[in-house]
Amino acid sequence: MKTLARVAFALGGLIVTACASVSSEPAPAPEPATTEWRLVIHGGAGVILPGSMTPETEAAYIAALNTSLEAGAEVLRAGGEAIDAVQAAVLTMEDDPLFNSGRGAVFTAAGTHELDASIMDGRDRNAGAVAGVTRVKNPILAARAVMDKSEHVMFSGNGADQFAEAQGLDMVDNSYFDTDWRRQALERVLTERARTAADRHGTVGAVAIDRFGNLAAATTTGGMTAKAEGRVGDSPIIGAATYAENGVCAVSATGHGEYFIRVGVAKTICDRVKLAGEDVKTAAGTALGEVAALGGDGGVIVIGGNGEYGFVFNSAGMYRGWIDASGSGTAIYGEGE
Ligand code: ASP
């Protein structure tokens, strides 16, 4: 039976936690000709401590993670492609106000919402991203449209919303993204003039491998509570929060975006796998160690060309889950697994 096992080791002065799929059964039979499909998701990292939420809220997060896993797994189980699976998994979380990615996104300092998203196909490293969108209901669909329907990789601001609208995507008033609890978080940050990792968790992401061995990654966020208007984090930046290359790895990151941009986390991980021959969890631990050494926190989900996967983070918790043909699992906190 598969379980989520956790190993912790010190990197950059902070504890990095890695969760990996392990089996208590004898060594598995050699891989069949077709690749096993697998989907790994996150719903953000931050100060998420046991006891910090009610049992009902905790159950709601687990249910939301399972809904996302099932949406992506449905695609992969039917022989669909990794790129469609990560999109489907992210989409359900964008629609769920528990997460900081669509409805339920954090507020900017000006009391509005500016959303970022990116998606990447490991087959040809085609990618699409939007930054600072304010009206498109599902930013990940806008990012996908940029990838599929334009000759560009990234659109920002009003032009990105206009592009999404021209593609026929659902558009909403910016107030659609409002939730009371995120407004309270804004007021708290503005009053205390202190932003913590507790005020931004809920970014969502997914990585997947399909039966053809294709890798894909996707990430969406509302950013950080009380962010300055126009601030863009790592989530829409290919190579920072999102990266996928067949045979190498797929990554989706969450955390204090400025540090993830400075380290180029997602590309660093894939380069270490590709050029140094590291396994995905070791490479992710090294990149997260660089983030930690600079003073940043957060986490990544990674999946390799051989289907090996991991959750690596240096924050107190990360909403996360995995699913494949053998089963599924979810977790929130950084301990007790
Ligand atoms: N990385 C996101 C940003 O900096 C926030 C997060 O993942 O929590 O915009």
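Every number here is computed from the coordinates shown, using simple stated rules; none is lab data. Every value quoted in this text rests on a predicted model; they were computed, and no experiment measured them. Ideal geometry is used to build each Cβ from the backbone, glycine not excepted, and the neighbour counts take in all protein chains shown.
Normalising the Debye intensity of the range 244-300 to I(0), with uniform scatterers on Cα atoms only, and taking log10 at q = 0.25, 0.27, 0.29, 0.30 Å⁻¹ returns -0.92, -1.04, -1.16, -1.22. Evaluating 6.51 cos²θ - 1.76 cosθ + 1.60 at θ = phi - 60° for every residue in the range 165-179, the Karplus couplings come out as 4, 5, 7, x, 6, 5, 10, 9, 6, 4, 5, 4, 7, 4, 9 Hz, glycine and proline recorded as x.
Stretched out straight at 0.36 nm per residue, the stretch from residue 124 to residue 262 would grow longer than its current Cα-Cα span by 47.2 nm. The Kirkwood hydrodynamic radius of the range 171-329, based on inverse pair distances between different Cα atoms, is 16.3 Å.
Ordering of 104-114, 156-166 by packing is 104-114, 156-166, highest average first (other Cβ atoms within 10 Å, averaged per residue). Applying 1/(1 + (r/R0)^6) with r as the Cβ-Cβ distance of residue 179 and residue 158 and R0 = 22 angstrom yields a FRET efficiency of 0.35.
Note on residue 212 and residue 95: their simple-model spin labels are 2.6 nm apart, each label 7 Å out from Cα toward Cβ. Our note on the geometry: Cα centres of the range 42-100 and the range 132-190, 19 Å apart. With 0.36 nm allotted per residue and the present C-alpha distance subtracted, the residue 328-residue 190 stretch has 45.7 nm of extension available. Starting from the Cα of residue 149, draw a straight line to each of the lysines and keep only those under 29 Å, dropping any in the same chain fewer than 8 residues away. Leaving aside lysines fewer than 8 places away in the same chain, those within reach of residue 149 are 137, 267.
Please give the residues of the range 77-93, grouped as numeric ranges, whose backbone N is less than 12 Å from a label point set 7 Å along the Cα-to-Cβ vector of residue 170. Only 91-93 pass the distance filter.
Close amide H pairs (under 5 Å, H built 1.01 Å from N) link residue 154 with 129, residues at least 5 positions away or on another chain. Hull volume per residue, based on the alpha-carbon atoms of the range 40-194 and their convex hull, is 128 Å³.
Per-residue counts of other Cβ atoms within 10 Å, averaged by peptide: what ranking do you get for 68-75, 232-239, 320-327, highest first?
Descending mean neighbour count gives 232-239, 68-75, 320-327.
Considering only the Cα atoms of the chain, their convex hull presents on average a projected area of 15.9 nm².
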